[in-house]
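A short worksheet on the structure shown next.
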Amino acid sequence: MAKGEKNRAKEEKNKLIRDKQREKILKASMKVFARKGLAETKMADIAAAADVSYGLAYHYFANKEAILTALIERAMQGAARVAQEALERPGTPWERLRWLTVETLEGLRDQPEYFWAVLQVFTNEAAPQRLREMVHEQSRVSWNALRQLIIEGQAAGQVIAGDPDQLAALYDSCTAGIAVNILFHSETEPMRAFPTVDQVLRILKA
C-alpha cells in the first residue's frame, strides 16, 4: 500500500474513532440532562456516564452547553425534517398525519431524553439564549407543517372541524404527555401501556 493510501486509511480510522467517542458522550449526556437538568449537570457527570475520562470529554466538547447545543440541534432538525416530509410525501392528508404520528411515537419511545433536553431549554434560565431561539424557530417549522396537515385533512373530511391551532395544540400536548410518561416510568419500570398510533389520532379523526 502506498504511503498516501496508508495515511488516508489511518485518517479514516481515526475519524471513525473520534465519531464513536463523540456519539458515546452525546448519548450518555441525554440521560444525565434528563435526570439532573442543565444547571445541576456537570461535565464530570457526563464523563462518568459515558465511561470516558474527564479530559477526553473536554477534548470533544468545550463545556456542557456545547453538548446540549449538539443534542438540541439534532433533535430539532430531526423533528422539523420529519414534519416537512409529512407535508410533502404522497398520500391523503390522513395518511400523512398517520405517518407523522408513527415517526413521532417511535422517536419518543426510542429516545425520550431528546424531548426532555428540549424542555430544559424552554424551562431553564441557564439555557443559552441562542438555544432558545433555535428551539422556537425549529418548533415553528414543525408546528406549521402539522397545522397545514390538519387544514388539508379538514378540507378532505378526514379531520374533525375546529380551530387548526387548537387541534395542533391538542395533538402536541398528547405527544408531549406521552414523552413525560415514558421518562417517569423509565425510573421505575418500562412503560407497559404505550399508546397506539390510532389511539392518538382519535383526537383528530372526523
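Would you mind finding the one in 104, 175, 123 that is within 26 Å of residue 27 (Cβ to Cβ), free of Cβ contacts under 8 Å to residues at least 12 places away in the same chain and β-branched (Val, Ile, Thr)? I'd like the intermediate steps shown before the answer.
Working: 104 fails: free of Cβ contacts under 8 Å to residues at least 12 places away in the same chain; 175 fails: free of Cβ contacts under 8 Å to residues at least 12 places away in the same chain.
The unique qualifying residue is 123.
How many of the residues making up segment 70-99 are under 15 Å from the mean Cα position of the chain (by Cα) and acidic (Asp, Glu)?
1
Could you check, for segment 50-63, whether at least one of its residues is within 21 Å of residue 115 (Cβ to Cβ), among the hydrophobic types (A, V, I, L, M, F, W, C) and under 22 Å from the mean Cα position of the chain (by Cα)?
Within segment 50-63, one or more residues are within 21 Å of residue 115 (Cβ to Cβ), among the hydrophobic types (A, V, I, L, M, F, W, C) and under 22 Å from the mean Cα position of the chain (by Cα).
What residue, among those in segment 105-162 that are basic (Lys, Arg) and in contact with a Phe, Trp or Tyr (Cβ under 8 Å, 6 or more places away or on another chain), is surrounded by the most Cβ atoms within 10 Å (Cβ to Cβ)?
Pass one, segment 105-162, residues basic (Lys, Arg): 109, 130, 132, 140, 147.
Within this subset, residues satisfying the condition of being in contact with a Phe, Trp or Tyr (Cβ under 8 Å, 6 or more places away or on another chain) are 109, 132.
Values: 109: 13, 132: 15.
Restricting to residues being basic (Lys, Arg) and in contact with a Phe, Trp or Tyr (Cβ under 8 Å, 6 or more places away or on another chain), the top hit is 132.
Only one of 106, 137 is farther than 28 Å from residue 196 by Cβ and at pLDDT 80 or above. Can you tell me which?
Answer to the check: 137.
Scan segment 95-106 and tell me whether some residue there is under 26 Å from residue 182 (Cβ atoms) and polar (S, T, N, Q).
yes
Quick check on segment 118-134. Is at least one of its residues in a helix (DSSP H, G or I), out of contact with any helix residue (DSSP H, G or I) (no Cβ under 6 Å at 6 or more places or on another chain), over 30 Å from residue 64 (Cα atoms) and of a type in the set (D, E, K, R)?
no
When you scan segment 80-93, do you find a residue that is among the small types (Gly, Ala, Ser) and under 26 Å from residue 32 (Cα atoms), even just one?
Yes, the conditions are met somewhere in segment 80-93.
Let me spell it out: the conditions are (1) out of contact with any strand residue (DSSP E or B) (no Cβ under 7 Å at 6 or more places or on another chain); (2) in a helix (DSSP H, G or I), and residue 150 meets all of them except one. Which number is the exception?
Every listed condition holds for residue 150 apart from (1).
So if I check each of 49, 39, 75, which one is surrounded by fewer than 15 Cβ atoms within 10 Å (Cβ to Cβ), touching a residue at least 12 places away in the same chain (Cβ under 8 Å) and of a type in the set (Gly, Ala, Ser)?
The match here is 39.
Determine whether segment 111-123 contains at least one residue that is farther than 18 Å from residue 153 by Cα and charged (D, E, K, R).
yes
Taking residue 56 as the residue in question, decide whether it is out of contact with any Phe, Trp or Tyr (no Cβ under 9 Å at 6 or more places or on another chain), modelled with pLDDT under 80 and aliphatic (A, V, I, L, M).
Values: out of contact with any Phe, Trp or Tyr (no Cβ under 9 Å at 6 or more places or on another chain): yes; modelled with pLDDT under 80: no; aliphatic (A, V, I, L, M): yes.
Spelling it out, it is not the case that residue 56 is out of contact with any Phe, Trp or Tyr (no Cβ under 9 Å at 6 or more places or on another chain), modelled with pLDDT under 80 and aliphatic (A, V, I, L, M).
Taking the condition crowded, with 19+ Cβ neighbours inside 10 Å, modelled with pLDDT of 85 or more, part of a helix (DSSP H, G or I) and of a type in the set (A, V, I, L, M, F, W, C), does residue 34 pass? Give the steps one after another, and end with the answer.
Numbers: crowded, with 19+ Cβ neighbours inside 10 Å: yes; modelled with pLDDT of 85 or more: no; part of a helix (DSSP H, G or I): yes; of a type in the set (A, V, I, L, M, F, W, C): yes.
It is false that residue 34 is crowded, with 19+ Cβ neighbours inside 10 Å, modelled with pLDDT of 85 or more, part of a helix (DSSP H, G or I) and of a type in the set (A, V, I, L, M, F, W, C).
The values are calculated or read from the model by the stated rules, or taken from the named source; none is laboratory data. Not measured: the values here are computed from a predicted model. Cβ: placed from backbone, ideal geometry, glycine included. Neighbour counts: every protein chain shown.
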